[in-house]
Each structure stands twice: as structure tokens, then as C-alpha cells.
Amino acid sequence: MSLYRFVARRIIEIIVTFFIITILVFILFRIMPGDPASMVISPRMTPELKEIIRARFGLDKPLWHQFLIYMNNLLHGEFGTSFYYSQDVFGIIKQRIFPTVLLFTSGQLLAYVLGVNLGRIIAWKRGGKLEYGNTVVGLFFYTMPIFWLGLLCIWVFSFYLDIFPVGGWKTPEIWGAVGYVSPWTKILDILYHLFLPLTVYTIWIYAGSMLIMKNSMLETLKEDYIIAARAKGLPEKTIRDHHAARNAMLPVVTDLALGIVFSLDGGVLTETTFSWPGLGKTMVEASLNYDYPLAQGAFILLAIVLLVSVLVADILYAYLDPRIRYEKTKY
């Protein structure tokens, strides 16, 4: 099977999987304990006003009718109206997604660039103090709860040393100032607030990527083609970077594709710890407030990112390892 046919088949599978996910998301939020109507209806309201509000948010309709409205909105690129904020869900997500992308994209890139490069180096120079020290440090941070590391950094650098802010991502005095404020001042202010949460998140992701790359590299160095490359007299740097590291990247690609989504738990904790107004913090607040439309919109966006990431990982497999061929197995 050619790569193009493989991609076409995977896209069809992704569409089917996405449809199943949307159904599960709808069901899971409906079986949660609590009444979402309590967020938009006050006990002091008259019965007529309560019914009007229920009708406005579609809470007066049976579940099957609510599901049809939910799917129709999705097909038209709409996520409904937030119960808690009484605003369009897509508009809320657009406001919160930039801080999340800024934090997590920067963190993922830094973590994997550092982790992959250091992992291949310490695997190549295995058995020394460099490998031992980095493995111990990596395991320490990999097993450390990210919220604990975040609180520790806040205590040291915010309270004790008073170098960085406790939380948030903007200084109100700068962004709310009357008159002209230089764009560079605003950019530097965001970077100033970004430093601590980005450092904590990068360290947490870096530890895992470095350990995976190191272990994968050690296994790859045992392969026959590495021995053959050395027998040919190829330079050590060529063997390490073009023969060993390229094939050792396969588990890292999988970890990166899935880590983008599964690192959300660390992202939620990071955003909550540092009061970073991103999508992860919004998801937690929406779930606690029974804000079905907002929580559903956030989770569906997460599902889309996951499915696209897996597709990209499959394509990268074929690029990184020429031994991989997407062909049908004959029985």
C-alpha cells in the first residue's frame, strides 16, 4: 500500500473515531452528578423565567434532541453557548487557546530538543558519569509531581527571592495603562510571566523524552547495521547521528505525538498552579461548574489535536525508518 493510500485510509479512520469520541463526550458529561441548570437559574426566578432560560440553553428538551442539536452545531463548526459565561464557546476558546499554545508549544519544543540531543549523547558515551548523573536527575524530575515542582519554584523565586510573579500572564498596570505602551514592553511582560511555568513544564517533559531517547538509542546501537557501519570505517559522528539516532527517534516520535495530549494533565496542573489563563484551566473550571458546552468544546478540540498528532506520527515513521512499508499483509 502506498503512503498516499495509507494516509487516506487513516483519515477515514480518524473521522470515524472522531464521531465515536463526540458521542462519548456527550454521554459522559450527561451522566455527571449535578444539574447544569443550577448555573443559569436562580432560585429567586419565577417559574416562567426558569422555563425561558431552560429553553434558551436547550435544557428543556430530551437527551436525544439535545444530542441532535449538539451534532448539528459541530457539523457547522459551533460549540454552543457557555452556561457559566453566557458567551459563545468558540469565542471563549479562542481567547484561552493562545496562552496554552504559547506555553505548551514552547515547552514541548524545548523539552524534546534538549531531551533528544542529550539522550543520544549520553547513550553514545554510556557507562560514564554523564550517563549516570543525567539518568538520576531525569528519573528524579520524571517521577516528581509537577504541581509540587511548581509550588516549590513559586516559593523560592516568587516569595523568597521575589524575582518572578506568583501567577498570571500579564501585568495589569502595563496592559491597562492609559496612553501608549511599547509592544516590546508588552512582549517582555508576557515572557517575564512565562518564565516560571515554562521552566517547570519543560523540565517535566524533558526528563521523560531524555530517558526514552537514551534507552532507544542503547537498543539501536546493538543492531547489526550499526556494527556494519563501523566495519565500513564510517566516522563515529555519522554513525551516531545518521544511522543510530534517526532510527532511535521512532519511540520518541510516538511519545511526542501522544505526549501533546496526555501531557494535558501536567498542563492543567501547571496552568492552575501559576493561574495561567489557558485552555487547561478553563476545562477544569467548566467541569466543576457543569458548563457542558464549554467543557465539550475543550475536550473535542483536544480530541482533534490527538487524532492529527497520531496521523503525523505515522507519516514521520515512514520518513525516519525506510524499512517501514505500509503494505497489506498477505495470508
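The numbers here are math on the coordinates, done by the rules we state, and not lab data. Being a predicted model, the structure only gives us computed values, none of them experimental. Methodologically, a virtual Cβ is constructed for each residue, glycine included, from the backbone with ideal geometry; neighbour enumeration extends over all protein chains shown.
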Task: Mean separation of Cα contacts under 8 Å, 6 or more apart, over the residue count of the stretch 3-320: relative contact order % - done: 29 percent
- [ ] Can you figure out the FRET efficiency of Arg9 with His76, using R₀ = 30 Å and their beta-carbon distance, to the nearest 0.05?
- [x] 0.65
TODO: Determine one quarter of the surface area of the Cα convex hull of the stretch 3-320, which equals its mean projected area, and express it in nm² to one decimal.
DONE: 23.1 nm²
Task: Separation of the Gln87 and Asn117 label points, Cα + 7 Å toward Cβ, nm - done: 3.9 nm
Open item on the list: Given bins 5 angstrom wide, list per bin the percent of all Cα-Cα distances in the stretch 105-171, short to long.
Closed with: 3, 14, 15, 19, 18, 15, 9, 5, 2, 0
TODO: Provide the per-residue ³J(HN,Hα) series for the stretch 211-223, in order, calculated from phi with Karplus coefficients 6.51, -1.76, 1.60 and θ = phi - 60°, each as a whole number of Hz, with x at glycine and proline positions.
DONE: 5, 5, 5, 5, 5, 5, 5, 4, 5, 5, 5, 8, 6
Task: Stokes-Einstein D for the stretch 80-126, Kirkwood Rh over Cα pairs, 4 °C, 1.567 mPa s (µm²/s) - done: 96 µm²/s
